[in-house]
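Take a look at the structure set out below.
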Amino acid sequence: MNILVTGGAGFIGSHLAAKLLAEHDVTIVDMLHPYYSPERKRAHLEEVVGSGACRWIEADLRDEEGLRLIMEAGRFDAVYHLAAVPGVTPSIADPHGYVDHNIHATINVLRTAGETGVNHVLFASSSSVYGEREGEAIREEAANGRVISPYAASKVAGESLCHTYKYLYGYRMTILRFFTVYGPWGRPDMAIAKFIRSAMNGRAIEVFGEGSARDYTYIDDIADGLKAALNSPEDVGVYNLGCGRPVEMNRLLDGLQSYFPDLQIVRKPERVGDVKMTWADTSKAEALLGYRPKVSIEEGLARSIAWARSRPEHV
Ligand SMILES: NC(=O)c1ccc[n+]([C@@H]2O[C@H](COP(=O)([O-])OP(=O)(O)OC[C@H]3O[C@@H](n4cnc5c(N)ncnc54)[C@H](O)[C@@H]3O)[C@@H](O)[C@H]2O)c1
């Protein structure tokens, strides 16, 4: 298959492209947004592009004409739309940036996919669309739009536009909701990556709020789930891709302390926009996609720390 991965220079996109390359022709489009170091993205991309038949185009999806030329030339069978500005807290200071990159650019991708005969669009959404929920695993139908950050609202809008453009153009459409993804090349603004960086540099780590828990999902499991979604049996499919086992902050800190016994922890107040807990019910993805998250938090932490120690310049 001929596949386009938007945001393919990012954390999840680069891993996905590497996985797809074994069986498909892959083109990556990314503008190297400075949300975090473009040099780091280039370094990860070099590993991926060097490993097989992968094309890489530097382009901004907000430019619809430029995107149309890429899509017309590429004649893609499927498009994974992963490009976005991530992050909950920064979206509160810059909501318009999130509208531009996460909504405006998504319309361009969905429309040009329809105009150029793409058969299947797969959209990267987020557990944040569930808003503030505690105490139970969340199923896909629980999303009700009552979200608590502009980032989450941009993902709700993106999902809604996917339904609209699926209706207008008739392509198969699959929405994947990721739950806190981590692993080698993990986004440097996210908790596990930040904690490892601080610990390796002998700095204290900052922990916001008390009693939070996250359904941390290892990157290889997410990439496997994304690949499996190419064969989604549903014409319109929405799936949680999580680990299904929330990890309390204190357990994560214990795990880190076993590698970094001198770890210093500074407690800070809860941050506005952060939900207290995420917990995926992954039974739908398991039943329909054959999705099986395999990597425990202990194993995932070990692999993440081993990667960080081998590539300290990128941590
Ligand atoms: N990492 C997670 O835990 C997580 C959780 C839920 C959802 N997601 C979603 O998964 C997707 C990938 O996330 P990630 O963690 O790999 O983030 P990332 O920031 O590493 O990757 C996103 C990529 O999109 C690119 N991009 C942004 N705006 C663009 C534009 N206008 N044109 C072209 N490229 C653009 C960026 O340069 C970046 O490389 C995003 O849609 C994100 O919202 C991630």
Handout entry: Members of the range 280-315 that are of a type in the set (Val, Ile, Thr), under 26 Å from Glu47 (Cα atoms) and within 19 Å of the chain's Cα centre (by Cα)
Key = Val295, Ile297, Val315
Practice task
Could you tell me whether Glu115 is under 20 Å from Thr6 (Cβ atoms), free of Cβ contacts under 8 Å to residues at least 60 places away in the same chain and surrounded by fewer than 17 Cβ atoms within 10 Å (Cβ to Cβ)?
Solution key: yes
Practice task
Within the range 267-287, track down each residue that is open to solvent by 20 Å² or more (accessible area, probe 1.4 Å) and either part of a loop (DSSP other than H, G, I, E, B) or touching a helix residue (DSSP H, G or I) at 6+ places or on another chain (Cβ under 9 Å) (or both).
Solution key: Pro269, Glu270, Arg271, Val272, Asp274, Val275, Lys276, Trp279, Asp281, Lys284
Exercise for the section: Kindly provide the set of residues from the range 75-86 that are of a type in the set (Gly, Ala, Ser) and open to solvent by less than 10 Å² (accessible area, probe 1.4 Å), ordered by number. Expected result: Ala78
Handout entry: Hey, Gly255 on the phi > 0 side of the Ramachandran plot, in contact (Cβ under 8 Å) with a residue 40 or more places away in the chain and surrounded by 15 or more Cβ atoms within 10 Å (Cβ to Cβ) or not
Key = no
Exercise for the section: Show the residue pairs that are 6+ apart or on different chains and have beta-carbon atoms under 7 Å apart, the first residue being within the range 140-159 and outside any helix (DSSP H, G or I), the second being open to solvent by 40 Å² or more (accessible area, probe 1.4 Å) and among the aliphatic types (A, V, I, L, M). Expected result: Gly145/Val156; Val147/Ala153; Val147/Val156; Ser149/Ile92
Handout entry: Condition broken by Tyr165, with the remaining ones in (1) hydroxyl-bearing (Ser, Thr, Tyr); (2) within 16 Å of the ligand (Cβ to nearest atom); (3) part of a helix (DSSP H, G or I) satisfied
Key = (2)
Handout entry: First in the range 61-74 and under 12 Å from Leu4 (Cα atoms), second anywhere and modelled with pLDDT under 95, Cβ under 6 Å, 6 or more apart
Key = none
Practice task
Those residues that are in a helix (DSSP H, G or I) and open to solvent by 90 Å² or more (accessible area, probe 1.4 Å), I need them from the range 292-302; list them, please.
Solution key: Glu298
Problem - Every pair of residues 6+ apart whose Cβ atoms lie under 8 Å, when the first sits in the range 1-17 and is closer than 17 Å to Glu58 by Cβ while the second is modelled with pLDDT under 95 and among the charged types (D, E, K, R) - result: Ser14/Glu47
Handout entry: Residue satisfying all of: in the range 3-52; within 12 Å of the ligand (Cβ to nearest atom), of a type outside the set (A, V, I, L, M) and assigned to a strand (DSSP E or B); farthest from the chain's Cα centre (by Cα) among these
Key = Asp30
Handout entry: Selection count where residues are touching an Asp or Glu at 6+ places or on another chain (Cβ under 7 Å) and open to solvent by 10 Å² or more (accessible area, probe 1.4 Å), scope the range 212-239
Key = 1
Completion exercise
Selection from the range 142-173 of residues open to solvent by 50 Å² or more (accessible area, probe 1.4 Å) and under 21 Å from Lys284 (Cα atoms) yields Asn144, Ser160, His163, Arg172
Practice task
Please go through the range 54-71 and pick out each residue that is open to solvent by 50 Å² or more (accessible area, probe 1.4 Å) and either in contact with a strand residue (DSSP E or B) (Cβ under 6 Å, 6 or more places away or on another chain) or under 21 Å from Leu20 (Cα atoms) (or both).
Solution key: Arg55, Trp56, Glu58
Exercise for the section: Determine if the range 196-203 includes at least one residue that is surrounded by 24 or more Cβ atoms within 10 Å (Cβ to Cβ) and either more than 16 Å from the ligand (Cβ to nearest atom) or touching a residue at least 60 places away in the same chain (Cβ under 8 Å) (or both). Expected result: yes
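The values are calculated or read from the model by the stated rules, or taken from the named source; none is laboratory data. The structure displayed is predicted, hence computed values, not measured ones. All Cβ positions, even for glycine, are placed from backbone atoms using ideal geometry, and neighbour counts span all protein chains on display. SASA here: full protein model, heavy atoms, side chains in, ligands and nucleic acids out. Shrake-Rupley method; radii C 1.70, N 1.55, O 1.52, S 1.80 Å.
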